[in-house]
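Chemist: Okay, here's the structure, questions in a sec.
Bear in mind these aren't lab numbers, they're just calculated from the coordinates by the rules spelled out. From a predicted model like this one, the values you see are computed outputs, not experimental measurements. Don't worry about glycine lacking a Cβ; one is built from the backbone with ideal geometry, like all the others, and counts go over all protein chains shown.
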């Protein structure tokens, strides 16, 4: 399986329509999710100061206009974030 990082500047924060000034970037293919995540992190942090940029990781059978980007498993529980068993981390206030 291959992974791709696709993204760039969009017209607004709905992230539906790319900016007219720039084409979306397509990075990859990457053999592992970790390689794709590293590329994603590099691009995401490079554009962190602009809310109009978004980068996503897709599997090799992606549809860039669809909603099929890959979500990593939650690192705290090992569950996928959308899993019914995934729970938010509980914090307790200490003084």
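Chemist: With r defined as the distance between the Cβ atoms of residue 12 and residue 47 and R0 fixed at 22 Å, what FRET efficiency is calculated, to the nearest 0.05? All intermediate terms of the calculation are to be shown ahead of the outcome.
Modeler: Working: r = 15 Å, r/R0 = 0.70.
Calculated transfer efficiency: 0.90.
Chemist: Rounded if a/c is under 1.5, else prolate if a/b beats b/c, else oblate: with a ≥ b ≥ c from the C-alpha gyration tensor eigenvalues square-rooted, which is the range 3-59?
Modeler: Numbers: a/c = 2.44, a/b = 1.74, b/c = 1.40.
Since a/c reaches 1.5 and a/b is larger than b/c, the shape of the range 3-59 is classed as prolate.
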